[in-house]
Structure formats: structure tokens, C-alpha cells
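The values are calculated or read from the model by the stated rules, or taken from the named source; none is laboratory data. This structure is a prediction, so every number in the text was calculated from the model and none was measured. So basically every Cβ, Gly included, is an ideal-geometry build from the backbone, and we count neighbours across all protein chains shown.
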Amino acid sequence: MKTKMFLAALAASVPAYAHAATFTICVRANIQTTDSGIAANGLDEDYYQFANQAGGFEVVGRGFRVQLTQGAWSDTFDSDPTNGCFSVVRNSANGFGVRVYGFATDDNGNHVRIHSAGTDTASWYPGATYSAVWSNQTLSSSGTNSYVLDGVANDRFTTIAAAAFGIHRYHGTISDKTISFGFVENDCDNSGSTHGSAERYIESDDAHLIRIGRCNPGDPDTREKMLITHELGHAIARLHFGYDGDDILPTGDQEYVPPVGTPAACVNVGSYGMRSLEYNSQTFKEGFADFYSSRVWNAKDSRGTYVYRQTAYDLEQWDTSGGGNTSGGVKVNVCNNNTSNVATKGDWLRFFWDWYNANCASQPSDNDMLTLYRMVRENDRTGTYNANYLNFDNATVYAIENSIAGLSDCEIDVIGEYMDWNSAD
Ligand SMILES: [Zn+2]
């Protein structure tokens, strides 16, 4: 009897509109880049190619983390990596706080985030994660409620949207990793992935740090989507390898000095240029990061375009003559010397793209490509095939022929041809 009376009193006190309702919230990002839609040989990339336009380009906020509050209630959600949405059931539509973090998750539980601690690498999870907040929100239960990160006004949100798309598009088999992006303030193009202890938390914390150059006014790396995912590619490759430390860079690397009389185009410019001649220890790892980034922004089985520092490079043709010179790289077609073990990262990028799209019944998968990177390093680590600064062509052939399970004979047989074709040796 008492219970009945209590329930009756409770029912009388609950307003008629306060039944449970489902609210769907969708995260989006309006991004503003400086390296989108730039064509090489008449072709540009396949994704976010309109993001240079004035006013920005609105994209799905894939996997973004959102904190909802309502009165004393609080809960955290990750939006769906495909459509950027999630749903919550509440008794009232009013008084919501919505905080969207610069933090995104892919469908393997890997995370990218932007943080406030700059180039600090003393922790595997430095600083506070940037976020945007909307307070006192009334949500609709009859449609979706969109919250848009403003990457036009705030370049950091363009960076995290590009990184979120990158990890969504290409993570292979890795899972539950954390990649934190810090910003180098007032230094437009100072980006990288090996400062301090950036690559020293792989074994202990499944984590990697990246720094991205930022400036205003100016032309910050924070708005170069392909540069952001190039650095992400270094991190993903190392996390997939699974051991701390920089890529193999044996003593004597990088500073290739061409013979006297070599054309200027062949000279090592010391700046990771797409057409700068380097020992192939360098072009292997940089070309791989370029490949990762190219894969993020281009569809498989197609021509593709990679933009580095505002200049577009064709993933199939070494030059920009509209197809007049389709084989070979800088070494063969411009420098015309026979120096082996020296190449450009552009040569390796085209080699990786060719092998990924091999003219075979079956083709290497996203994860096969990461495994190629991993096994070159793993074979060196175990002494199975020791790498040095000028044998990464042979180390690559060895890994493909011996160390990657499940490749077809065709996928293995084409390797030498593609390397020659692109001058990646
Ligand atoms: Zn790099």
C-alpha cells in the first residue's frame, strides 16, 4: 500500500514531456588546408581535394571523442569512425554541455590526439587534449545534432581532422596505440617524429609522439594534410614494427656526395626533397612515410597524387611532362649516372605505389606494405639480413622474397622490375 502511494506521487511529479528520448549527435570538422587539389599531370588526390577552398571544407568527424554533461550527469562517447555519430538516451532535451575533444579513435582502438604541451616528450601522453565546448544546448530527438570543429579559425582542428582520417584509412593490424601531436609554435614548417623521446614509448606504452610546425600568419604545416599524414606514417610504421627508436640510420648515411660534373638536379639538397639524391637507407624510410600518406588520400588501383610542400608529384610518372617519360626516376632520366644504392624518395614512393598496385591477380594489402617495412627492420634487428646505408634495395628484395607470409609468386616476381622501373635501387 505504501509503495503504491509512493509510485502514484512520483508519477504525478514527473512532467508529461520527460520520457526518455534518443538523441543522435554527429561530429563534423570544417577544415582548411593549403595542399589539397594540386594536380600533377592533370590529376589530383581522391579525398578532401576541395579543402583549400575559401570557407573550408566540411568533413565527417571520424571517431571523435565527446563528453556530454547534463546537470550532475556526465558521460563520454566516441563517435563512429564511419559516420561521426553516436546516440544517447536521456529524459530531457535541455541543458546539455557538449565538449568535442581533439581526439579520435579508429575501428581498431588506435587514437590520435592534439595536445597543449608543444614539443615536450617527457611523457608518453603529454599536455592536455585540446577541445571545443558548447554549453546549455537543447538537443533535438527528431534529427541529428551536429557539432562542427572549426578548422578554418583554428588550424589545430584541421590537423586533428586530417590525422583522424589518416588513422581511419590506414592502420593495418595495429590496435590500441596512441599517437599524440604537439605543435611547434611560431615555426611554420618544423615538423617531425624523432625529436626527444618521440619514438621511445613504443614498447612501454604503445605510444608515439609527433610535432607539427605552426605559425600565424604564414603557411603552417598544421594545414598540410599530406605532411600531417606523412609524419603519422612514420609513427604507424614504427608502431607496427614494435620496437623503440628511429629507423635504421647507420653511420655514413644521408650525405651522398655526387661525382664532380653531376647535373645540379642530382645533388643532395639535404632537405628530404622528393628529388634529392640520398643513400637508400634514407629514401626507404621517407619514401615509405610518403607512401603511407599517399595511400590515405588516394584510392587503390588508381593513379594518384602526392603533394609535398605545395608541389604535386605523380605516383606513377616520375616527371610532369604529361606522360612523356614514364619510366625511371631522377637518377636515370636526369642525372644519368650509374650510381647504385642512391635514389630519391620520389623514386621509392613510386616503387611502393607500383608494388601496392601490382599487376597480379592478387595484390599486396595495406598490412603487407606495413609488414614490408617491418620485416626490413626486423631482419636487421635479428641479424637475418643486416641493413646498412646503401643496401635497402637488397634488404627490401630479401624481405619480400623471404619474410612476408602469403605473397603470391607474381607479387614476389615483379619486385625487381618495379624497382628498376622507378630507379629505386
Ligand atoms: Zn619523414
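Taking the stretch 193-219 as the range and being on the phi > 0 side of the Ramachandran plot and either in a helix (DSSP H, G or I) or buried (at least 17 other Cβ atoms within 10 Å of the Cβ) (or both) as the test, only 206 passes. Could you tell me whether residue 162 is touching a residue at least 12 places away in the same chain (Cβ under 8 Å), over 18 Å from the mean Cα position of the chain (by Cα) and either within 26 Å of residue 370 (Cβ to Cβ) or away from the ligand (no atom under 16 Å from the Cβ) (or both)? Judged against the criteria, residue 162 is not a match. The residues in the stretch 357-380 that are buried (at least 18 other Cβ atoms within 10 Å of the Cβ) and either in a helix (DSSP H, G or I) or modelled with pLDDT under 95 (or both) can be counted, and the count is 12.
Has the stretch 220-236 got at least one residue that is without any contact (Cβ under 8 Å) to a residue 60 or more places away in the chain, surrounded by fewer than 24 Cβ atoms within 10 Å (Cβ to Cβ) and within 14 Å of the ligand (Cβ to nearest atom)? No, the stretch 220-236 contains no residue that is without any contact (Cβ under 8 Å) to a residue 60 or more places away in the chain, surrounded by fewer than 24 Cβ atoms within 10 Å (Cβ to Cβ) and within 14 Å of the ligand (Cβ to nearest atom).
Looking across the stretch 259-302, the residues that are among the polar types (S, T, N, Q) and within 16 Å of the ligand (Cβ to nearest atom) come down to 268, 271, 276, 280, 281, 282, 283, 293, 294. In the stretch 117-130, the residues that are under 18 Å from residue 161 (Cα atoms) reach residues that are surrounded by fewer than 17 Cβ atoms within 10 Å (Cβ to Cβ) with C-beta atoms within less than 6 angstrom, at least six apart or across chains, in these pairs: 128/116.
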